[in-house]
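A.B. asks: Sharing a structure, written as structure tokens. Questions coming.
The values are calculated or read from the model by the stated rules, or taken from the named source; none is laboratory data. Treat the numbers as computed from the prediction; the structure is a model and nothing was measured. No Cβ is skipped: glycine too gets one built from the backbone with ideal geometry, and neighbour counts run over all protein chains shown.
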Amino acid sequence: MSHPPQDPAEDPYPYFARLRASDPVHPLPDTRHPERPPGYLVTGYQAAREALTCPQVSKDTARFFAGKPSTRDLHPAVSQSMSATDPPRHTRLRKLVTTAFTTGAVAALRPFIAKTTQALLDRCPGEPGVAFDLVAALAMPLPVIVICELLGVPKDDRPSVRHWSAELFAAGAPERVDAASHSLASYLAQLIAARRASPSASLLDRLIAARDGEDRLTEEELLSLAVLLLVAGHETTTAFLGNAVLALLQHPAELDRLRADPDSLPAALEELLRYCSPFTTATFRYAEEPVTLAGRQVPAGSPVLLALGAANRDPDRYPSPDRLDLDRAAAGHLTFGYGIHRCVGAPLARAEAAIALRAVLARFPRLRLAVPADRLVWRSTRLIRGLRTLPVLDG
């Protein structure tokens with residue numbers, strides 16, 4: 001299936017708005033395989049909500065691609081994760097995961113997140129007017145350290161884990177993606193074996209021990225969940241932290257209001273999640289049977305791409321959606337998905353973002369961009385929208 005032409009990665013929203021105005025469920029003919037059903041790009045809020053909860057819109061990629069020729073060599077732990085399954089298998093896996101990945105575990109991590117955040121900020125230049133990269137200094141290392149700590153990944157291994165995870169999102173480089181999938185899966189298989197031989201109190205140990213009656217995770221399921229939690233546990237948070245700080249710097253009145261009332265951060269965080277979602281499109285879905293989304297007939301076999309960031313800016317759901325308004329009632333945004341596939345790590349992402357943003361605002365009272373916004377470099381991937389670097393200075 002061909003993908004839509006993209007506006008610059010830093011601002012795809014005008015392009016999405018034009019598509020939404022034309023058709024919130026926009027057909028994308030496959031020019032390489034015109035005999036196949038077209039794909040559909042969903043940019044409307046209501047249509048995206050419908051697709052996220054429609055049982056006929058499947059995430060079972062193994063079934064979709066069965067029998068189709070492919071030159072890819074993606075490790076099954078990546079290609080067949082819990083996020084790429086449907087009920088009843090998805091229901092079973094998610095139930096086992098949530099017995100280990102609880103809000104209590106996230107609450108217990110908050111002191112560690114806060115301590116790590118302060119330690120990372122302590123390494124930033126203390127002199128006013130000295131520029132540094134907030135992505136490299138905080139947005140990238142913080143979520144990696146937290147999810148690795150949660151999973152029990154040793155400190156010496158974390159740079160390699162970060163590298164392999166980033167490679168999984170390498171745009172236009174399928175060989176690099178495939179190689180990284182095998183490296184990461186091989187490493188985590190060894191880590192699981194090590195945890196069995198010498199148990200600890202990590203999330204990985206809890207997944208190994210997870211039970212639902214007589215049910216437990218198979219070795220393949222355990223490995224796949226470990227990969228999913230590690231990758232999903234930091235890539236999106238890294239992107240969101242950079243996006244959120246940039247959005248605040250570009251809206252100084254909103255930034256000043258948040259500085260004056262830091263206790264309003266939890267509500268403001270929801271508007272930031274709506275306004276600068278780390279997702280361009282959600283992971284792969286397809287119509288298993290003919291379905292109707294926002295009045296558009298989608299044939300069986302058609303891929304369905306959900307542009308979650310675009311749906312969050314649908315004016316039918318959020319008036320003046322391209323304006324950051326920290327007083328907005330932004331609940332109901334689709335950044336973490338909706339329905340049975342809603343992100344299981346949402347509480348952790350919220351905790352990391354709230355702690356990090358509060359610390360940045362307190363540490364740097366005169367924070368500003370060190371370069372013009374049009375010189376910022378953005379990552380170029382279909383899934384993730386985030387900055388490669390965010391040069392800033394205080395003063």
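A.B. asks: If I filter segment 299-309 for residues that are more than 30 Å from R366 (Cβ to Cβ), surrounded by fewer than 19 Cβ atoms within 10 Å (Cβ to Cβ), small (G, A, S) and in contact with a Lys or Arg (Cβ under 8 Å, 6 or more places away or on another chain), do I get at least one hit?
C.D. replies: yes
A.B. asks: Which residues, counting only those in segment 371-395, are closer than 13 Å to V130 by Cβ and surrounded by fewer than 16 Cβ atoms within 10 Å (Cβ to Cβ)?
C.D. replies: Hit for segment 371-395 is G395, nothing else.
A.B. asks: Is it the case that A189 is surrounded by 14 or more Cβ atoms within 10 Å (Cβ to Cβ), closer than 17 Å to L222 by Cβ and not polar (S, T, N, Q)?
C.D. replies: Details: surrounded by 14 or more Cβ atoms within 10 Å (Cβ to Cβ): yes; closer than 17 Å to L222 by Cβ: yes; not polar (S, T, N, Q): yes.
So A189 fits the description; yes.
A.B. asks: Where residues in segment 268-298 are crowded, with 18+ Cβ neighbours inside 10 Å and of a type in the set (K, R), which of them is farthest from L326 (Cα to Cα)?
C.D. replies: So, considering only residues that are crowded, with 18+ Cβ neighbours inside 10 Å and of a type in the set (K, R), the one farthest from L326 (Cα to Cα) is R285.
A.B. asks: Out of the residues in segment 221-257 meeting the condition of being more than 11 Å from the chain's Cα centre (by Cα) and not in a helix (DSSP H, G or I), tell me which one is nearest to R379 (Cα to Cα).
C.D. replies: Q250
A.B. asks: Looking at the structure I just gave you, is Y338 of a type in the set (S, T, Y) and crowded, with 22+ Cβ neighbours inside 10 Å? So that I can check it myself, show each step before the final result.
C.D. replies: Details: of a type in the set (S, T, Y): yes; crowded, with 22+ Cβ neighbours inside 10 Å: no.
It is false that Y338 is of a type in the set (S, T, Y) and crowded, with 22+ Cβ neighbours inside 10 Å.
A.B. asks: Follow-up question, since we're still on this one. Could you please find all residues in segment 56-76 being touching a helix residue (DSSP H, G or I) at 6+ places or on another chain (Cβ under 6 Å) and within 19 Å of C343 (Cβ to Cβ)?
C.D. replies: Within segment 56-76, V57, K59, T61 meet the criteria.
A.B. asks: Which one of these is within 30 Å of L120 (Cβ to Cβ), touching a Phe, Trp or Tyr at 6+ places or on another chain (Cβ under 9 Å) and modelled with pLDDT of 90 or more: L184, L203, L191? Working first, answer last.
C.D. replies: Working: L203 fails: modelled with pLDDT of 90 or more; L191 fails: touching a Phe, Trp or Tyr at 6+ places or on another chain (Cβ under 9 Å).
That would be L184, the only listed residue that is within 30 Å of L120 (Cβ to Cβ), touching a Phe, Trp or Tyr at 6+ places or on another chain (Cβ under 9 Å) and modelled with pLDDT of 90 or more.
A.B. asks: Can you name every residue in segment 274-309 that is under 23 Å from the mean Cα position of the chain (by Cα) and assigned to a loop (DSSP other than H, G, I, E, B)?
C.D. replies: Those that are under 23 Å from the mean Cα position of the chain (by Cα) and assigned to a loop (DSSP other than H, G, I, E, B): C276, S277, P278, T280, T281, A282, T283, F284, A307.
A.B. asks: Further question: Does A105 fit the bill of being farther than 14 Å from A353 by Cα, more than 23 Å from the chain's Cα centre (by Cα), in a helix (DSSP H, G or I) and not basic (K, R)? Steps first, please.
C.D. replies: Working: farther than 14 Å from A353 by Cα: yes; more than 23 Å from the chain's Cα centre (by Cα): no; in a helix (DSSP H, G or I): yes; not basic (K, R): yes.
In short, no.
A.B. asks: Looking at L324, L357, L306, L334 in this structure, which one is of a type outside the set (K, R) and either at pLDDT below 95 or touching an Asp or Glu at 6+ places or on another chain (Cβ under 7 Å) (or both)?
C.D. replies: Of the residues listed, the single one that is of a type outside the set (K, R) and either at pLDDT below 95 or touching an Asp or Glu at 6+ places or on another chain (Cβ under 7 Å) (or both) is L324.
A.B. asks: Let me ask another. Report the residue count in segment 320-369 for those that are hydrophobic (A, V, I, L, M, F, W, C) and farther than 21 Å from G242 by Cβ.
C.D. replies: Filtering segment 320-369 for residues hydrophobic (A, V, I, L, M, F, W, C) gives 324, 326, 329-331, 334, 336, 340, 343-344, 346, 348-349, 351, 353-357, 359-362, 364, 367, 369.
Next cut, farther than 21 Å from G242 by Cβ only: 329, 331, 340, 344.
Adding up the residues that qualify gives 4.
A.B. asks: Still on this structure: Looking only at segment 149-176, count how many residues are assigned to a helix (DSSP H, G or I), in contact (Cβ under 8 Å) with a residue 24 or more places away in the chain and surrounded by fewer than 16 Cβ atoms within 10 Å (Cβ to Cβ).
C.D. replies: Looking only at that region, the number is 3.
Let's see how each residue does on (1) at pLDDT 90 or above; (2) acidic (D, E); (3) farther than 29 Å from D86 by Cβ:
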residue: P8; (1), (2), (3): no, no, yes
residue: D11; (1), (2), (3): no, yes, yes
residue: F16; (1), (2), (3): yes, no, no
residue: P24; (1), (2), (3): yes, no, no
residue: H33; (1), (2), (3): no, no, no
residue: T43; (1), (2), (3): yes, no, no
residue: A47; (1), (2), (3): yes, no, no
residue: E50; (1), (2), (3): yes, yes, no
